[in-house]
(Lines give C-alpha, C1' and ligand atoms only; values in the text may rest on other atoms or scores of the structure.)
Protein backbone atom coordinates (compact mmCIF):
# COMPACT_ATOMS: atom_id res chain seq x y z
CA UNK A 1 0.00 0.00 0.00
CA UNK A 2 1.32 3.38 -1.03
CA UNK A 3 2.16 5.57 1.96
CA UNK A 4 1.80 9.29 1.36
CA UNK A 5 3.71 11.86 3.37
CA UNK A 6 1.81 14.51 5.33
CA UNK A 7 3.07 17.18 2.93
CA UNK A 8 1.79 15.28 -0.09
CA UNK A 9 -1.56 14.55 1.59
CA UNK A 10 -2.06 18.24 2.38
CA UNK A 11 -1.09 19.22 -1.17
CA UNK A 12 -3.38 16.65 -2.79
CA UNK A 13 -6.25 17.69 -0.48
CA UNK A 14 -5.87 21.33 -1.51
CA UNK A 15 -5.72 20.42 -5.20
CA UNK A 16 -8.79 18.19 -4.79
CA UNK A 17 -10.71 21.03 -3.11
CA UNK A 18 -9.79 23.38 -5.97
CA UNK A 19 -10.92 20.84 -8.57
CA UNK A 20 -14.18 20.22 -6.71
CA UNK A 21 -14.79 23.98 -6.52
CA UNK A 22 -14.23 24.31 -10.28
CA UNK A 23 -16.50 21.36 -11.07
CA UNK A 24 -19.25 22.71 -8.81
CA UNK A 25 -18.94 26.15 -10.43
CA UNK A 26 -19.30 24.59 -13.90
CA UNK A 27 -22.30 22.55 -12.77
CA UNK A 28 -23.99 25.59 -11.21
CA UNK A 29 -23.36 27.63 -14.38
CA UNK A 30 -24.94 24.94 -16.56
CA UNK A 31 -27.92 24.42 -14.24
CA UNK A 32 -28.43 28.18 -13.96
CA UNK A 33 -28.29 28.49 -17.74
CA UNK A 34 -30.90 25.77 -18.22
CA UNK A 35 -33.19 27.39 -15.67
CA UNK A 36 -32.78 30.86 -17.14
CA UNK A 37 -33.14 29.60 -20.69
CA UNK A 38 -36.37 27.74 -19.90
CA UNK A 39 -37.76 30.81 -18.17
CA UNK A 40 -36.69 33.03 -21.08
CA UNK A 41 -38.31 30.76 -23.69
CA UNK A 42 -41.46 30.35 -21.63
CA UNK A 43 -41.87 34.11 -21.24
CA UNK A 44 -41.14 34.67 -24.91
CA UNK A 45 -43.67 32.01 -25.96
CA UNK A 46 -46.29 33.50 -23.69
CA UNK A 47 -45.76 36.97 -25.21
CA UNK A 48 -46.03 35.60 -28.76
CA UNK A 49 -49.19 33.70 -27.85
CA UNK A 50 -50.63 36.86 -26.39
CA UNK A 51 -49.75 38.78 -29.54
CA UNK A 52 -51.38 36.13 -31.77
CA UNK A 53 -54.53 36.12 -29.60
CA UNK A 54 -54.75 39.92 -29.72
CA UNK A 55 -54.29 39.91 -33.48
CA UNK A 56 -56.98 37.26 -34.02
CA UNK A 57 -59.36 39.03 -31.61
CA UNK A 58 -58.82 42.33 -33.36
CA UNK A 59 -59.33 40.76 -36.77
CA UNK A 60 -62.59 39.07 -35.75
CA UNK A 61 -63.83 42.30 -34.10
CA UNK A 62 -63.68 44.02 -37.50
CA UNK A 63 -66.55 41.85 -38.74
CA UNK A 64 -70.00 42.42 -37.45
CA UNK A 65 -71.23 38.96 -38.26
CA UNK A 66 -70.44 36.12 -35.85
CA UNK A 67 -68.09 33.41 -37.12
CA UNK A 68 -69.50 29.93 -37.16
CA UNK A 69 -67.15 26.96 -36.40
CA UNK A 70 -67.67 25.52 -39.89
CA UNK A 71 -66.66 28.84 -41.54
CA UNK A 72 -63.25 29.18 -39.85
CA UNK A 73 -61.38 27.90 -42.88
CA UNK A 74 -63.02 30.46 -45.17
CA UNK A 75 -62.68 33.31 -42.67
CA UNK A 76 -58.92 32.79 -41.97
CA UNK A 77 -57.85 31.53 -45.39
CA UNK A 78 -56.19 34.81 -46.30
CA UNK A 79 -55.38 36.04 -42.79
CA UNK A 80 -53.57 33.08 -41.24
CA UNK A 81 -50.46 33.41 -43.43
CA UNK A 82 -50.34 37.12 -42.64
CA UNK A 83 -50.53 36.35 -38.93
CA UNK A 84 -47.74 33.77 -39.31
CA UNK A 85 -45.48 36.25 -41.11
CA UNK A 86 -46.12 39.05 -38.63
CA UNK A 87 -45.34 36.91 -35.60
CA UNK A 88 -42.73 34.64 -37.24
CA UNK A 89 -44.51 31.53 -36.06
CA UNK A 90 -46.29 28.54 -37.58
CA UNK A 91 -50.03 28.80 -36.86
CA UNK A 92 -52.64 26.11 -37.32
CA UNK A 93 -56.37 26.07 -36.54
CA UNK A 94 -58.39 23.03 -35.44
CA UNK A 95 -62.09 22.56 -34.73
CA UNK A 96 -63.36 21.89 -31.21
CA UNK A 97 -62.98 18.14 -31.74
CA UNK A 98 -59.33 18.58 -32.58
CA UNK A 99 -59.53 18.02 -36.35
CA UNK A 100 -57.23 20.03 -38.61
CA UNK A 101 -58.87 22.96 -40.47
CA UNK A 102 -56.23 25.32 -41.83
CA UNK A 103 -52.59 26.34 -41.24
CA UNK A 104 -50.01 28.84 -42.40
CA UNK A 105 -48.28 26.11 -44.39
CA UNK A 106 -49.17 22.45 -44.78
CA UNK A 107 -45.61 21.59 -45.88
CA UNK A 108 -44.20 23.13 -42.71
CA UNK A 109 -46.80 21.25 -40.68
CA UNK A 110 -45.70 18.00 -42.29
CA UNK A 111 -41.99 18.72 -41.72
CA UNK A 112 -42.65 19.47 -38.07
CA UNK A 113 -44.69 16.27 -37.83
CA UNK A 114 -47.72 18.00 -36.34
CA UNK A 115 -50.62 15.52 -36.42
CA UNK A 116 -53.92 16.51 -38.09
CA UNK A 117 -55.75 15.26 -35.02
CA UNK A 118 -54.93 16.86 -31.67
CA UNK A 119 -53.99 14.37 -28.98
CA UNK A 120 -56.81 13.39 -26.64
CA UNK A 121 -54.79 14.38 -23.53
CA UNK A 122 -54.48 17.94 -24.86
CA UNK A 123 -58.21 18.16 -25.65
CA UNK A 124 -59.02 16.89 -22.17
CA UNK A 125 -56.63 19.38 -20.59
CA UNK A 126 -58.28 22.28 -22.43
CA UNK A 127 -61.82 21.06 -21.78
CA UNK A 128 -61.23 20.76 -18.02
CA UNK A 129 -60.53 24.47 -17.66
CA UNK A 130 -56.85 24.99 -18.52
CA UNK A 131 -56.41 28.08 -20.64
CA UNK A 132 -53.53 26.57 -22.63
CA UNK A 133 -51.64 23.35 -23.12
CA UNK A 134 -47.97 23.22 -24.03
CA UNK A 135 -45.86 20.22 -25.09
CA UNK A 136 -42.15 20.15 -26.01
CA UNK A 137 -40.80 18.21 -28.98
CA UNK A 138 -37.54 17.78 -30.85
CA UNK A 139 -37.51 18.05 -34.63
CA UNK A 140 -34.27 17.57 -36.57
CA UNK A 141 -32.13 18.27 -33.48
CA UNK A 142 -34.06 21.48 -32.82
CA UNK A 143 -36.25 22.12 -29.78
CA UNK A 144 -39.83 23.37 -30.25
CA UNK A 145 -42.78 24.16 -28.03
CA UNK A 146 -46.33 23.47 -29.30
CA UNK A 147 -48.97 25.60 -27.59
CA UNK A 148 -52.74 25.01 -27.88
CA UNK A 149 -55.62 27.19 -26.65
CA UNK A 150 -59.28 27.93 -27.46
CA UNK A 151 -60.03 31.01 -29.53
CA UNK A 152 -63.49 32.48 -29.02
CA UNK A 153 -65.98 34.68 -30.81
CA UNK A 154 -67.04 38.16 -29.70
CA UNK A 155 -69.32 36.64 -27.06
CA UNK A 156 -66.51 34.55 -25.52
CA UNK A 157 -67.80 31.28 -26.91
CA UNK A 158 -65.06 28.82 -28.09
CA UNK A 159 -65.23 28.24 -31.81
CA UNK A 160 -61.90 26.52 -32.44
CA UNK A 161 -58.39 25.63 -31.20
CA UNK A 162 -55.30 27.58 -32.10
CA UNK A 163 -51.92 25.87 -32.36
CA UNK A 164 -48.64 27.76 -32.61
CA UNK A 165 -45.14 26.32 -32.89
CA UNK A 166 -42.37 28.18 -31.13
CA UNK A 167 -38.72 27.46 -31.91
CA UNK A 168 -36.73 27.78 -28.70
CA UNK A 169 -33.93 30.28 -28.85
CA UNK A 170 -30.39 28.88 -29.02
CA UNK A 171 -28.72 32.23 -28.58
CA UNK A 172 -28.29 31.73 -24.85
CA UNK A 173 -26.87 28.27 -25.40
CA UNK A 174 -24.25 29.68 -27.73
CA UNK A 175 -23.55 32.39 -25.19
CA UNK A 176 -23.15 29.74 -22.50
CA UNK A 177 -20.76 27.69 -24.61
CA UNK A 178 -18.65 30.77 -25.28
CA UNK A 179 -18.77 31.70 -21.60
CA UNK A 180 -17.74 28.18 -20.52
CA UNK A 181 -14.85 28.16 -22.99
CA UNK A 182 -13.54 31.45 -21.64
CA UNK A 183 -14.19 30.26 -18.09
CA UNK A 184 -12.24 27.05 -18.80
CA UNK A 185 -9.22 29.04 -19.97
CA UNK A 186 -9.38 31.19 -16.87
CA UNK A 187 -9.81 28.15 -14.64
CA UNK A 188 -6.77 26.42 -16.15
CA UNK A 189 -4.64 29.45 -15.33
CA UNK A 190 -6.22 29.75 -11.89
CA UNK A 191 -5.74 26.03 -11.27
CA UNK A 192 -2.03 26.20 -12.08
CA UNK A 193 -1.62 29.22 -9.83
CA UNK A 194 -3.68 27.58 -7.07
CA UNK A 195 -1.70 24.33 -7.39
CA UNK A 196 1.55 26.28 -7.01
CA UNK A 197 0.14 28.16 -4.03
CA UNK A 198 -1.06 24.88 -2.50
CA UNK A 199 2.45 23.45 -2.86
CA UNK A 200 3.94 26.48 -1.12
CA UNK A 201 1.34 26.30 1.66
CA UNK A 202 1.85 22.56 2.19
CA UNK A 203 5.62 23.11 2.30
CA UNK A 204 5.19 25.95 4.79
CA UNK A 205 2.86 23.91 7.00
CA UNK A 206 5.12 20.84 7.08
CA UNK A 207 8.45 22.70 7.23
CA UNK A 208 8.16 23.13 10.99
CA UNK A 209 7.21 19.46 11.39
CA UNK A 210 10.23 18.47 9.32
CA UNK A 211 12.39 20.61 11.60
CA UNK A 212 10.98 18.85 14.66
CA UNK A 213 11.44 15.45 13.01
CA UNK A 214 15.06 16.26 12.16
CA UNK A 215 15.74 17.43 15.71
CA UNK A 216 14.18 14.27 17.14
CA UNK A 217 16.32 12.17 14.82
CA UNK A 218 19.44 13.94 16.10
CA UNK A 219 18.64 13.30 19.78
CA UNK A 220 21.45 11.32 21.40
CA UNK A 221 21.55 10.04 24.95
CA UNK A 222 24.45 11.37 26.96
CA UNK A 223 25.04 14.27 24.57
CA UNK A 224 23.93 17.90 24.59
CA UNK A 225 20.68 18.18 22.62
CA UNK A 226 19.62 21.65 21.49
CA UNK A 227 15.97 22.63 22.09
CA UNK A 228 13.85 23.97 19.22
CA UNK A 229 13.10 27.69 19.05
CA UNK A 230 9.53 28.55 17.97
CA UNK A 231 8.18 32.09 18.37
CA UNK A 232 4.51 31.44 17.61
CA UNK A 233 1.98 30.17 20.16
CA UNK A 234 0.05 28.04 17.68
CA UNK A 235 -0.52 24.27 17.67
CA UNK A 236 2.98 23.64 16.40
CA UNK A 237 4.29 25.90 19.14
CA UNK A 238 2.57 23.65 21.70
CA UNK A 239 4.18 20.62 20.07
CA UNK A 240 7.60 22.29 20.20
CA UNK A 241 7.05 23.19 23.86
CA UNK A 242 6.21 19.58 24.71
CA UNK A 243 9.26 18.41 22.75
CA UNK A 244 11.57 20.79 24.65
CA UNK A 245 10.09 19.65 27.99
CA UNK A 246 10.55 16.03 26.95
CA UNK A 247 14.14 16.79 25.92
CA UNK A 248 14.89 18.35 29.30
CA UNK A 249 13.46 15.36 31.15
CA UNK A 250 15.32 12.98 28.83
CA UNK A 251 18.64 14.69 29.53
CA UNK A 252 18.00 14.51 33.26
CA UNK A 253 17.07 10.84 33.02
CA UNK A 254 20.11 10.08 30.85
CA UNK A 255 22.41 11.77 33.37
CA UNK A 256 20.92 9.80 36.27
CA UNK A 257 21.04 6.58 34.26
CA UNK A 258 24.66 7.12 33.24
CA UNK A 259 25.63 7.81 36.84
CA UNK A 260 23.77 4.71 38.06
CA UNK A 261 25.33 2.55 35.34
CA UNK A 262 28.83 3.81 36.12
CA UNK A 263 28.39 3.10 39.81
CA UNK A 264 26.93 -0.33 39.09
CA UNK A 265 29.72 -1.13 36.62
CA UNK A 266 32.40 -0.14 39.11
CA UNK A 267 30.78 -2.25 41.83
CA UNK A 268 30.58 -5.26 39.53
CA UNK A 269 34.13 -4.73 38.33
CA UNK A 270 35.41 -4.42 41.91
CA UNK A 271 33.61 -7.64 42.89
CA UNK A 272 35.03 -9.45 39.87
CA UNK A 273 38.58 -8.19 40.44
CA UNK A 274 38.37 -9.20 44.11
CA UNK A 275 37.04 -12.63 43.18
CA UNK A 276 39.71 -13.26 40.54
CA UNK A 277 42.53 -12.15 42.85
CA UNK A 278 41.26 -14.32 45.73
CA UNK A 279 41.52 -17.47 43.60
CA UNK A 280 45.36 -17.44 43.39
CA UNK A 281 45.78 -15.94 46.90
CA UNK A 282 44.21 -18.93 48.61
CA UNK A 283 46.75 -21.53 47.34
CA UNK A 284 49.56 -18.99 47.91
CA UNK A 285 48.51 -18.65 51.58
CA UNK A 286 48.28 -22.41 52.07
CA UNK A 287 51.64 -23.03 50.42
CA UNK A 288 53.29 -20.37 52.64
CA UNK A 289 51.80 -21.93 55.78
CA UNK A 290 53.09 -25.35 54.73
CA UNK A 291 56.54 -23.91 54.15
CA UNK A 292 56.59 -22.37 57.66
CA UNK A 293 55.57 -25.69 59.24
CA UNK A 294 58.29 -27.50 57.29
CA UNK A 295 60.85 -24.97 58.61
CA UNK A 296 59.79 -25.76 62.15
CA UNK A 297 59.17 -29.51 61.97
CA UNK A 298 61.14 -30.81 58.95
CA UNK A 299 64.32 -28.74 58.51
CA UNK A 300 65.93 -31.45 56.38
CA UNK A 301 63.22 -31.22 53.69
CA UNK A 302 63.03 -27.42 53.80
CA UNK A 303 65.22 -26.85 50.71
CA UNK A 304 63.12 -29.15 48.57
CA UNK A 305 59.84 -27.59 49.78
CA UNK A 306 61.33 -24.11 49.23
CA UNK A 307 62.02 -24.92 45.59
CA UNK A 308 58.47 -26.22 45.09
CA UNK A 309 57.16 -23.15 46.89
CA UNK A 310 59.11 -20.84 44.55
CA UNK A 311 57.83 -22.64 41.46
CA UNK A 312 54.20 -22.50 42.67
CA UNK A 313 54.45 -18.87 43.70
CA UNK A 314 55.80 -17.91 40.27
CA UNK A 315 52.86 -19.68 38.60
CA UNK A 316 50.34 -17.94 40.85
CA UNK A 317 52.00 -14.55 40.32
CA UNK A 318 51.83 -15.08 36.55
CA UNK A 319 48.14 -15.92 36.90
CA UNK A 320 47.61 -12.68 38.83
CA UNK A 321 49.55 -10.77 36.16
CA UNK A 322 47.37 -12.29 33.40
CA UNK A 323 44.21 -11.33 35.26
CA UNK A 324 45.49 -7.78 35.72
CA UNK A 325 46.39 -7.52 32.03
CA UNK A 326 42.96 -8.73 30.89
CA UNK A 327 41.13 -6.27 33.10
CA UNK A 328 43.47 -3.51 32.02
CA UNK A 329 43.00 -4.24 28.31
CA UNK A 330 39.23 -4.39 28.65
CA UNK A 331 39.02 -1.22 30.73
CA UNK A 332 41.23 0.98 28.61
CA UNK A 333 40.04 -0.41 25.21
CA UNK A 334 41.61 2.38 23.08
CA UNK A 335 39.68 4.02 20.28
CA UNK A 336 40.25 2.20 17.00
CA UNK A 337 42.72 3.72 14.54
CA UNK A 338 41.63 2.44 11.11
CA UNK A 339 44.24 1.80 8.43
CA UNK A 340 43.95 -0.10 5.13
CA UNK A 341 44.01 -3.81 6.03
CA UNK A 342 44.00 -6.85 3.76
CA UNK A 343 41.83 -9.15 5.84
CA UNK A 344 42.94 -12.29 4.00
CA UNK A 345 46.65 -11.66 4.63
CA UNK A 346 46.13 -10.57 8.24
CA UNK A 347 43.97 -13.59 9.14
CA UNK A 348 46.36 -16.02 7.48
CA UNK A 349 49.35 -14.60 9.38
CA UNK A 350 47.52 -15.00 12.72
CA UNK A 351 46.48 -18.60 11.94
CA UNK A 352 50.05 -19.59 11.02
CA UNK A 353 51.14 -18.92 14.62
CA UNK A 354 48.82 -21.70 15.84
CA UNK A 355 49.67 -24.28 13.18
CA UNK A 356 52.71 -25.49 15.15
CA UNK A 357 50.40 -27.06 17.76
CA UNK A 358 51.03 -30.83 17.53
CA UNK A 359 47.97 -31.86 19.56
CA UNK A 360 45.42 -29.81 17.59
CA UNK A 361 44.99 -29.23 13.87
CA UNK A 362 44.45 -25.58 12.87
CA UNK A 363 43.56 -25.02 9.20
CA UNK A 364 42.98 -21.97 7.04
CA UNK A 365 40.80 -21.59 3.93
CA UNK A 366 39.53 -18.66 1.82
CA UNK A 367 36.85 -18.13 -0.84
CA UNK A 368 36.11 -15.26 -3.25
CA UNK A 369 38.75 -12.90 -1.85
CA UNK A 370 40.01 -10.50 -4.58
CA UNK A 371 42.43 -8.69 -2.22
CA UNK A 372 39.70 -7.31 0.01
CA UNK A 373 40.99 -4.15 1.73
CA UNK A 374 39.06 -2.55 4.62
CA UNK A 375 39.69 0.34 6.97
CA UNK A 376 40.31 -1.43 10.33
CA UNK A 377 42.42 -1.23 13.48
CA UNK A 378 45.07 -3.90 12.88
CA UNK A 379 46.04 -4.53 16.52
CA UNK A 380 42.42 -4.87 17.64
CA UNK A 381 41.58 -7.35 14.87
CA UNK A 382 44.62 -9.45 15.73
CA UNK A 383 43.57 -9.42 19.40
CA UNK A 384 40.01 -10.53 18.45
CA UNK A 385 41.30 -13.38 16.24
CA UNK A 386 43.76 -14.55 18.91
CA UNK A 387 41.00 -14.60 21.47
CA UNK A 388 38.62 -16.64 19.29
CA UNK A 389 41.27 -19.17 18.21
CA UNK A 390 42.52 -19.58 21.79
CA UNK A 391 38.97 -20.09 23.05
CA UNK A 392 38.39 -22.65 20.30
CA UNK A 393 41.49 -24.63 21.27
CA UNK A 394 40.59 -24.49 24.97
CA UNK A 395 37.06 -25.76 24.31
CA UNK A 396 38.37 -29.09 22.92
CA UNK A 397 38.70 -31.92 25.51
CA UNK A 398 42.26 -33.24 26.05
CA UNK A 399 41.25 -36.75 25.06
CA UNK A 400 40.00 -35.58 21.63
CA UNK A 401 42.01 -34.67 18.54
CA UNK A 402 41.32 -30.96 18.10
CA UNK A 403 40.23 -29.39 14.83
CA UNK A 404 40.00 -25.58 14.44
CA UNK A 405 38.99 -24.35 11.00
CA UNK A 406 39.41 -20.67 10.08
CA UNK A 407 37.61 -19.63 6.87
CA UNK A 408 37.61 -16.22 5.16
CA UNK A 409 34.78 -15.68 2.65
CA UNK A 410 34.45 -12.53 0.55
CA UNK A 411 31.39 -10.76 -0.86
CA UNK A 412 31.00 -7.60 -2.92
CA UNK A 413 30.95 -5.20 0.05
CA UNK A 414 31.63 -7.52 2.97
CA UNK A 415 33.93 -10.21 4.37
CA UNK A 416 33.05 -12.94 6.88
CA UNK A 417 35.60 -14.77 9.03
CA UNK A 418 34.46 -18.03 10.61
CA UNK A 419 36.39 -19.67 13.46
CA UNK A 420 34.96 -23.19 13.99
CA UNK A 421 36.00 -25.93 16.41
CA UNK A 422 34.98 -29.49 17.17
CA UNK A 423 34.77 -28.96 20.90
CA UNK A 424 32.02 -29.71 23.35
CA UNK A 425 29.70 -26.97 22.09
CA UNK A 426 27.69 -24.42 24.06
CA UNK A 427 24.21 -24.81 25.55
CA UNK A 428 21.47 -22.32 24.50
CA UNK A 429 21.33 -20.79 27.99
CA UNK A 430 25.09 -20.25 28.07
CA UNK A 431 25.09 -18.88 24.51
CA UNK A 432 22.84 -15.96 25.52
CA UNK A 433 25.44 -14.78 28.08
CA UNK A 434 28.61 -15.24 26.02
CA UNK A 435 29.24 -11.55 25.30
CA UNK A 436 28.38 -10.30 28.80
CA UNK A 437 31.46 -8.97 30.66
CA UNK A 438 32.61 -11.13 33.59
CA UNK A 439 30.74 -14.21 32.31
CA UNK A 440 32.95 -17.28 31.81
CA UNK A 441 32.67 -21.07 31.76
CA UNK A 442 36.38 -21.52 32.55
CA UNK A 443 37.75 -22.02 36.04
CA UNK A 444 40.69 -19.71 35.37
CA UNK A 445 39.14 -17.10 33.05
CA UNK A 446 38.17 -13.50 33.66
CA UNK A 447 35.06 -13.55 31.46
CA UNK A 448 36.21 -10.54 29.44
CA UNK A 449 37.53 -12.16 26.26
CA UNK A 450 34.35 -12.40 24.19
CA UNK A 451 33.05 -9.09 25.57
CA UNK A 452 36.29 -7.53 24.35
CA UNK A 453 35.82 -9.17 20.92
CA UNK A 454 32.34 -7.70 20.67
CA UNK A 455 33.59 -4.20 21.59
CA UNK A 456 36.37 -4.48 19.01
CA UNK A 457 33.91 -5.40 16.26
CA UNK A 458 31.56 -2.55 17.22
CA UNK A 459 34.43 -0.03 17.12
CA UNK A 460 35.41 -1.32 13.66
CA UNK A 461 31.80 -1.08 12.36
CA UNK A 462 31.38 -4.85 12.30
CA UNK A 463 29.58 -7.49 14.33
CA UNK A 464 30.12 -10.94 15.85
CA UNK A 465 27.70 -13.87 15.99
CA UNK A 466 27.86 -17.36 17.46
CA UNK A 467 26.49 -20.71 16.34
CA UNK A 468 26.89 -23.79 18.49
CA UNK A 469 25.56 -27.31 19.02
CA UNK A 470 26.27 -29.42 22.06
CA UNK A 471 28.62 -32.30 21.25
CA UNK A 472 29.48 -31.00 17.78
CA UNK A 473 31.36 -27.74 18.32
CA UNK A 474 31.06 -23.99 18.02
CA UNK A 475 31.48 -21.42 15.25
CA UNK A 476 32.08 -17.69 15.71
CA UNK A 477 31.46 -15.33 12.77
CA UNK A 478 33.12 -11.92 12.35
CA UNK A 479 31.24 -9.67 9.88
CA UNK A 480 33.14 -6.78 8.25
CA UNK A 481 31.35 -4.29 5.98
CA UNK A 482 32.70 -1.43 3.93
CA UNK A 483 31.93 1.89 5.64
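The values are calculated or read from the model by the stated rules, or taken from the named source; none is laboratory data. A quick note: this is a predicted structure, and the numbers were derived from the prediction, not measured. With ideal geometry, Cβ positions are generated from the backbone for all residues, glycine too; neighbour counts draw on all protein chains shown.
Assorted remarks:
- Residues that are buried (at least 18 other Cβ atoms within 10 Å of the Cβ) and under 16 Å from residue 166 (Cα atoms) were ranked within the stretch 98-115; the one that is nearest to the chain's Cα centre (by Cα) is 112.
Listed here are the residues, each with its yes/no results for (1) within 30 Å of residue 131 (Cβ to Cβ); (2) touching a strand residue (DSSP E or B) at 6+ places or on another chain (Cβ under 9 Å); (3) at pLDDT 80 or above.
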| position | (1), (2), (3) |
| --- | --- |
| 162 | yes, yes, yes |
| 175 | no, no, no |
| 182 | no, no, no |
| 194 | no, no, yes |
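- Residues of the stretch 459-478 classified as out of contact with any helix residue (DSSP H, G or I) (no Cβ under 7 Å at 6 or more places or on another chain) and in a loop (DSSP other than H, G, I, E, B), total: 5
- One residue stands out in the stretch 419-439 among those that are under 26 Å from residue 347 (Cβ atoms), touching a helix residue (DSSP H, G or I) at 6+ places or on another chain (Cβ under 8 Å) and assigned to a loop (DSSP other than H, G, I, E, B): the one that is modelled with the highest pLDDT, namely 423.
- Condition met for residue 351 (in contact with a helix residue (DSSP H, G or I) (Cβ under 9 Å, 6 or more places away or on another chain) and in a helix (DSSP H, G or I)): yes
- Filter result (in contact with a helix residue (DSSP H, G or I) (Cβ under 6 Å, 6 or more places away or on another chain) and in a loop (DSSP other than H, G, I, E, B)) within the stretch 366-386: 369, 372
- Restricting the stretch 387-412 to residues that are touching a helix residue (DSSP H, G or I) at 6+ places or on another chain (Cβ under 7 Å) and assigned to a strand (DSSP E or B), the residue that is farthest from residue 453 (Cα to Cα) is 402.
- Among the residues examined, residue 129 qualifies as over 60 Å from the mean Cα position of the chain (by Cα), at positive phi and without any contact (Cβ under 8 Å) to a residue 24 or more places away in the chain.
- Residue under evaluation residue 83, criteria (1) without any contact (Cβ under 8 Å) to a residue 40 or more places away in the chain; (2) touching a strand residue (DSSP E or B) at 6+ places or on another chain (Cβ under 7 Å); (3) over 25 Å from residue 145 (Cα atoms), criterion not met: (3)
- Some residue of the stretch 64-72 being assigned to a loop (DSSP other than H, G, I, E, B), farther than 20 Å from residue 149 by Cα and free of Cβ contacts under 8 Å to residues at least 40 places away in the same chain: yes
- Members of the stretch 2-24 that are in contact (Cβ under 8 Å) with a residue 24 or more places away in the chain and either more than 20 Å from the chain's Cα centre (by Cα) or crowded, with 16+ Cβ neighbours inside 10 Å (or both): 7, 10, 11, 14, 15, 18, 19, 22
- Residue within the stretch 355-362 that is surrounded by 18 or more Cβ atoms within 10 Å (Cβ to Cβ), out of contact with any strand residue (DSSP E or B) (no Cβ under 9 Å at 6 or more places or on another chain) and closer than 23 Å to residue 423 by Cβ present: no
- The listed residue being in a helix (DSSP H, G or I) and modelled with pLDDT under 75, out of 220, 262: 262
- In the stretch 107-124, the residues that are in a helix (DSSP H, G or I), in contact with a strand residue (DSSP E or B) (Cβ under 9 Å, 6 or more places away or on another chain) and closer than 22 Å to residue 79 by Cβ: 108, 109
- Restricting 118, 122, 161 to residues that are surrounded by 14 or more Cβ atoms within 10 Å (Cβ to Cβ), in contact (Cβ under 8 Å) with a residue 60 or more places away in the chain and either on the phi > 0 side of the Ramachandran plot or assigned by TED's automatic domain parsing to the domain that holds residue 38 (or both) narrows the list to 161.
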